[in-house]
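Every number here is computed from the coordinates shown, using simple stated rules; none is lab data. This one's a predicted model, so the numbers in the text were calculated from it and none came from an experiment. Glycine also receives a Cβ, built like all others from the backbone with ideal geometry; neighbour counts cover every protein chain displayed.
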Amino acid sequence: CGVEYADIRLEECVSEGVMLRNGETDRLWDNLDTGFGIRVLYKGAWGFAASSLLTETEARKVADDALSQAKAIAKIQGLGVRGQGSVAKNPPIKVKYKAPCQIDPFNIPLEERLSPILKATSLHKNSKQYKKVHTLEGFLDFQKTHKTFLNTEGSFIEQEIFLSGAGIKVIAINGDDVQVRSFPDSHNGIFRQGGYERIIEMDIPQNTPRIIEEALMLLKADECFSGEKIVILGGSQVALQIHESIGHAVELDRAFGMEISLAGGTFLTPDKLGKQICSKIVNIYADPTIEGGAGSYMYDDEGIKARRIDIIKNGRFVDFLTSRETAPCLKPAGTGKALGKRPALAGLKRGSNGSVRANGWSNIPIIRMSNINIEPQEGSLNDLIADTKDGILLQTNKSWSIDTLRLNFQFGMEIGWEIKKGKITRPLKNPVYSGITPDFWKTCNAICGKEEWQMYGLNSCGKGDPVQSISVGHGAAPSRFSKVKIGAVKC
């Protein structure tokens, strides 16, 4: 039938979770999602179809649907809809992989599973001390995914992965002043690969009183001042800064104009490869093989083995996240030469670097971040504060905004701490900071060491149309930037 390439993914995903509010169940979910998707390449055009009906007859029908779609698209390729597609060849892989999981959360009784979050979200009840605490929210979510991948090259790959996440949020109110503090991070906390051991590691009940006190403290705090300052970002905000301004920007489909929804462009076009876009101390890399990363896997959804990929090396942009379709097309703008022939980029590989995933069986795989991390340098957060004469420490994201090219950004934060002569002097509320991506990263002059570096993770990174939401990890440590615009905005 002239098919150049085809693959099939079968997935079963079990998920259970709960949202608690003031010690009571606000929302409870328990889902089982099973199905398969087939992708076909015919005369340079892709077709994709999927179904939740697991029968041989349905599989044949879905394959025919995917092929029919590819044939229809192939007929209009010459009308400027898209350039012809192809895939870089890959040897057949046969492997079974099970990601580490010490405590299977689905084997723990629900009451026991909820205990730490239930305890945390009930702390303020009947307490005069905490009467200005309006809401204490808790979130708990577990997922188990079993994935089987086969393709026409002879690959047969099975993977099983657990993902666990939790967090709390305190909302304190005094009149029209609303303040928020979260732990271990905002936007539903932190997700890590692994089982219930990840929830135990967070020690949420132990940290909840501190978070409550900080939320109440912010009601009495001064508004953040405006101007240019030295800024230290907490580790979780460095993670989000990487995510929004670097991670999405290096997805090659964006650079080729293939992904335009959800701020889907990028300033990092292929001609920027080899250019200095950060300070020389900044090294950022993708690594899907890190144990416990929310974006970890052994093989991507095109059957490519996961590996570390240097993205920023000594401040220079050195590689994109690629797919089997896009990698062979990576050439400098205005030339017909492969990037590997440029002396500064001689090590750049033209095959896919294994950066493709789909949100479940019903979606076509696209280029996605895995774990995008910044290499630590040296020193603790306390050392960094002590080395800062006049600045501000910003912790825990509250809001974000970035333009379609991933250039102009603004982030609202839950809390700021003014620094004078190497010491924290007072808390500040409603802080925001803004900048332009390369200018901002070029001012990075310090990154904390391994003792401060940790993996952060989220389960809701959106991309594509229709939108696909997927889990992504970021290893980060507190970092310092100079001449950053800051101010105060109620988010």
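Which net charge results for the neighbourhood of Val18, defined as the other residues with beta-carbon distances under 15 angstrom from its beta-carbon, given Lys and Arg at +1 and Asp and Glu at -1?
Values: positive: Arg21, Arg27, Arg113, Lys119, Lys169; negative: Glu16, Glu24, Asp26, Asp30, Glu111, Glu112, Glu137, Asp141.
Every neighbour counted, the sum reads -3.
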statement: Stretched fully, the stretch from Glu291 through Ala386 gains (0.36 nm per residue minus C-alpha distance, one decimal, in nm) 30.9 nm
field: Positive-end residue, the chain charge dipole about Cα centroid, Cβ charges, pick of Ser482, Gln77, Ile392
entry: Ser482
query: Along the stretch 225-236, what does the Karplus equation 6.51 cos²θ - 1.76 cosθ + 1.60 (θ = phi - 60°) give for ³J(HN,Hα), rounded to whole Hz, x for Gly and Pro?
result: 6, 10, x, 9, 9, 6, 10, 9, 9, x, x, 5
The stretch 39-75 and the stretch 280-326: distance between their alpha carbon centers, rounded to Å: 30 Å
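What does DSSP give for the stretch 239-327 in terms of the percent of beta bridges that are antiparallel, rounded to the nearest 5?
Working: 7 of 8 bridges.
Beta bridges within the stretch 239-327, antiparallel portion: roughly 90 percent.
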task: Kindly rank 251-262, 151-162 from highest to lowest mean number of other beta carbons found within 10 Å of each residue.
output: 251-262, 151-162
- line: Amide H contacts under 5 Å for Val282, restricted to residues at least 5 apart in sequence or on another chain and with H modeled in the peptide plane, are Gly315
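Per the helix-only calculation at 222 nm, which mean residue ellipticity applies to the chain, given -39500 (n - 2.57) for every DSSP H run of n ≥ 4 and division by its residues, nearest 500 deg cm²/dmol? Don't skip to the end; give the middle numbers.
On the way: 8 runs with 78 residues, N = 491.
Calculated mean residue ellipticity at 222 nm is -4500 deg cm²/dmol.
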- line: Treating only Lys and Arg (+1) and Asp and Glu (-1) as charged, each at its beta carbon, one finds that the chain has a dipole about its Cα centre, in Debye to the nearest 20, of 1540 debye
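Of the cross-linked pairs Lys132/Lys220; Lys61/Lys96; Lys169/Lys429; Lys96/Lys463; Lys131/Lys429; Lys119/Lys144, which ones have a Cα-Cα span greater than 18 Å in the structure shown? Present the calculation step by step, with values, prior to reporting the outcome.
Working: Lys132/Lys220 12 Å; Lys61/Lys96 28 Å; Lys169/Lys429 16 Å; Lys96/Lys463 28 Å; Lys131/Lys429 20 Å; Lys119/Lys144 25 Å.
The answer is Lys61/Lys96; Lys96/Lys463; Lys131/Lys429; Lys119/Lys144.
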query: At a Förster radius of 35 Å, what calculated FRET efficiency corresponds to the Cβ-Cβ distance of His146 and Ser68, to the nearest 0.05?
result: 0.75
task: Please list the non-local residues whose amide H lies under 5 Å from the amide H of Ser355, H modeled 1.01 Å from N, same-chain partners needing a gap of 5 or more.
output: Thr322
query: What does the charge add up to near Ser182, with Lys and Arg as +1, Asp and Glu as -1, over the other residues with Cβ less than 13 Å from its Cβ?
result: 0
query: Residue by residue, what Karplus-based ³J(HN,Hα) values in Hz, rounded to whole numbers, does the stretch 179-186 have, using 6.51, -1.76 and 1.60 with θ = phi - 60° and x for Gly and Pro?
result: 10, 10, 9, 10, 8, x, 7, 7
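Which of Phe36, Phe409 has the fewest other C-beta atoms within 10 Å, and how do the rest follow up to the most? It would help to have the intermediate numbers written out before the result.
Values: Phe36 22, Phe409 19.
Ascending Cβ contact count within 10 Å gives the list Phe409, Phe36.
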- prompt: Expressed as an acute angle from 0 to 90° and rounded to the nearest 10, what is the orientation of the C-alpha long axis of helix 204-220 relative to the principal long axis of the chain?
  reply: 60 degrees
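Let me check against my output: what whole-number percent is the relative contact order of the chain, with C-alpha pairs under 8 Å and at least 6 apart? Spell out each step's value before the answer.
Numbers: 1297 pairs, mean separation 79.3, N = 491.
For the chain, the relative contact order is 16 percent.
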- prompt: Got the relative contact order for the stretch 227-488 handy, in percent, Cα pairs under 8 Å and 6 or more residues apart?
  reply: 29 percent
query: Summing +1 for each Lys or Arg and -1 for each Asp or Glu, what net charge is found among the other residues whose Cβ lies under 13 Å from the Cβ of Ile290?
result: 0
Under-5 Å amide H pairs with Phe191, H placed in peptide plane, nonlocal only: Gly457, Leu458
